[in-house]
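As structure tokens, the structure follows; a few thoughts come after it.
The values are calculated or read from the model by the stated rules, or taken from the named source; none is laboratory data. Note that the structure is a prediction, hence the values are computed from the model and not measured. FYI the Cβ positions are ideal-geometry reconstructions off the backbone, even for glycines, and counts take in every protein chain you see.
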Amino acid sequence: MKTSSIYSAIRTLSIALGAALFVATFSHAQVAGGQQATPMSSGTDSLQTRLHMLTDVQTQGIDHKEVDAYKAFYKENEDLNKKIQLGQAFLQKYPKSSLTEAVDAGLVTAYYTKQDWKDFYASADSALALKPDDVDVLTNVGWVIPHVFQADAPDADSQLDKAEKYEKHALEVLPTLPKPSGVTDAQFAALKTQKSSQAHSGLGLVYFRREDYNNSAKELQQVVQDNPNPDQTDLFVLGVDLQNLKHYAEAADAFTRCSKLGGNLQDRCNQGADQSKKLAQIK
């Protein structure tokens, strides 16, 4: 293949990436049976943390009916629509509750699973208005924005700015988080590592959308390096980053790792690996 043809293929790959990322990102979401799914996690850690948080505040004189409504919302994992109804009902009945932010944050996860982006962002705004340091919400929203990004949207640039702000703030907050009661040191460390990886992944996609391939690659390399279970999208975008930076051998490695994961990006990763290997030989 001629050099010009290879670079044309890279350009075509980059242009087609938006739709491919959307499909790849959400095809593995656990939507069957209304199960929760959060970016890069099963949602279990967030749920566990919030249930432990509830134990901490139960002694503060919260009415038992309010506590029961909160528990019912967080324990509903079979019917997604019912979960959303329970959350909305809680917010309507207890708008000034100390548990309102936690319910808003839970609805963020529910709307993510449903791919209801309007309500996803609205719930996130409500949660962060009450608790600006909510790492779950910050990382999830900052991760979703660049994955569902539409370059022709009127607020495209401001959305990327918001995602960058959220992920950077999450990384600032993470080292200062107090350990919830009932969570072991190992569990808490694993949760913080997971959230840190998600934040760096979100930043990597933000920079990629801005065609800042150098910073995108730096962020994504932190996520996939020594990671036995990397995200396929992260590897794919890293491969495109490295191609654009003319680090073709490294790009081939990233695409090859990506291709071994199966999934909707497997064919594109195989193509990227072949292209990068040919470019490395030309170089």
D56 being assigned to a helix (DSSP H, G or I), modelled with pLDDT under 75 and exposed (fewer than 15 other Cβ atoms within 10 Å of the Cβ): yes
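Where residues in region 211-221 are modelled with pLDDT of 95 or more and either aliphatic (A, V, I, L, M) or out of contact with any Gly (no Cβ under 7 Å at 6 or more places or on another chain) (or both), which of them is surrounded by the fewest Cβ atoms within 10 Å (Cβ to Cβ)?
The initial filter retains those residues of region 211-221 that are modelled with pLDDT of 95 or more, namely 212-221.
Filter once more, so that each one left must be either aliphatic (A, V, I, L, M) or out of contact with any Gly (no Cβ under 7 Å at 6 or more places or on another chain) (or both): 212-215, 217-218, 220-221.
On the way: D212: 15, Y213: 21, N214: 10, N215: 15, A217: 25, K218: 16, L220: 29, Q221: 17.
Selected residue: N214.
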Looking at region 177-194, is at least one residue of a type in the set (K, R) and at pLDDT 95 or above? no
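Would you confirm whether or not region 163-170 contains a residue that is farther than 15 Å from L205 by Cα, assigned to a helix (DSSP H, G or I), at pLDDT 95 or above and under 15 Å from the mean Cα position of the chain (by Cα)? Steps first, answer last, please.
If we filter region 163-170 for residues that are farther than 15 Å from L205 by Cα, which is where we start, we get 169-170.
Next, from what is left, pick out any that are assigned to a helix (DSSP H, G or I): 169-170.
From the residues that got through so far, the ones that are at pLDDT 95 or above too are 169-170.
Narrowing the set further to residues that are under 15 Å from the mean Cα position of the chain (by Cα) leaves 169-170.
Yes, some residue in region 163-170 is farther than 15 Å from L205 by Cα, assigned to a helix (DSSP H, G or I), at pLDDT 95 or above and under 15 Å from the mean Cα position of the chain (by Cα).
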If we ask which residues in region 129-162 are closer than 15 Å to G202 by Cα and among the aliphatic types (A, V, I, L, M), their number turns out to be 8
For V183: the one exception among (1) assigned to a helix (DSSP H, G or I); (2) in contact (Cβ under 8 Å) with a residue 60 or more places away in the chain: (1)
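Evaluate the following for F208: is it at pLDDT below 95, outside any loop (DSSP other than H, G, I, E, B), aromatic (F, W, Y) and buried (at least 16 other Cβ atoms within 10 Å of the Cβ)?
Details: at pLDDT below 95: no; outside any loop (DSSP other than H, G, I, E, B): yes; aromatic (F, W, Y): yes; buried (at least 16 other Cβ atoms within 10 Å of the Cβ): yes.
Judged against the criteria, F208 is not a match.
Report yes if A122 is surrounded by 15 or more Cβ atoms within 10 Å (Cβ to Cβ), under 19 Å from L138 (Cβ atoms), hydrophobic (A, V, I, L, M, F, W, C) and in contact (Cβ under 8 Å) with a residue 12 or more places away in the chain, otherwise no.
Working: surrounded by 15 or more Cβ atoms within 10 Å (Cβ to Cβ): yes; under 19 Å from L138 (Cβ atoms): yes; hydrophobic (A, V, I, L, M, F, W, C): yes; in contact (Cβ under 8 Å) with a residue 12 or more places away in the chain: no.
So A122 does not fit the description; no.
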